[in-house]
Amino acid sequence: MHFERELLARNIMNIIDEKNHFNYVVFNDSDLEIKLHDYLIDLTHEDDAVDNLIKDNKPIIDKIASNKDITIQEKNNFMNSLIFFKLKYIMHKDI
């Protein structure tokens, strides 16, 4: 299924940093893996956790970065992993 790239970028930003939702364009380029990695490191300083998140989702990230179709299940899995990451490594810092 084809998901519009801008919509995916907005979804990513809305999950990990809704306070800065207007910066979604950072995830709209072909270097999605690097941008996501660096953004999450800056946000959390959790190098190993970020590396694992990126590694676990690399096939989906690569598809998105190259504008290939992803399935609804792939999208949901990726978004759910971002939500889990947020709950574990970001939400506790906002308290």
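Computed quantities for the displayed model
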item: Test for I61: is it in contact with an Asp or Glu (Cβ under 7 Å, 6 or more places away or on another chain), within 20 Å of E4 (Cα to Cα), assigned to a helix (DSSP H, G or I) and not hydroxyl-bearing (S, T, Y); result: yes
item: Residue list for region 51-95, filter: surrounded by 11 or more Cβ atoms within 10 Å (Cβ to Cβ), more than 15 Å from N11 (Cα to Cα) and acidic (D, E); result: D51, D56, D62
item: Where a residue in region 1-21 is of a type in the set (D, E, K, R) and its partner, wherever it lies, is open to solvent by 40 Å² or more (accessible area, probe 1.4 Å), with Cβ under 8 Å and at least six apart; result: R5/N28; R5/N67; E6/N28; R10/H21; D17/N23; D17/Y39; D17/L43
item: Enumeration of residues in region 18-37 that are within 15 Å of F85 (Cβ to Cβ) and crowded, with 17+ Cβ neighbours inside 10 Å; result: F27, L36, H37
item: Matching entry among N28, N14 (being touching a helix residue (DSSP H, G or I) at 6+ places or on another chain (Cβ under 6 Å) and farther than 26 Å from H92 by Cβ); result: N28
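Residue by residue, here is whether (1) outside any helix (DSSP H, G or I); (2) modelled with pLDDT of 95 or more holds:
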site	(1), (2)
M1	yes, no
E6	no, no
K35	no, yes
I41	no, yes
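The values are calculated or read from the model by the stated rules, or taken from the named source; none is laboratory data. All values reported here derive from a predicted model rather than from experimental measurement. Every residue, glycine among them, receives a Cβ derived from its backbone with ideal geometry; neighbour counts consider all protein chains shown. Just so you know, the surface numbers come from the protein's heavy atoms only, side chains and all, with ligands and any DNA or RNA stripped out. Shrake-Rupley method; radii C 1.70, N 1.55, O 1.52, S 1.80 Å.
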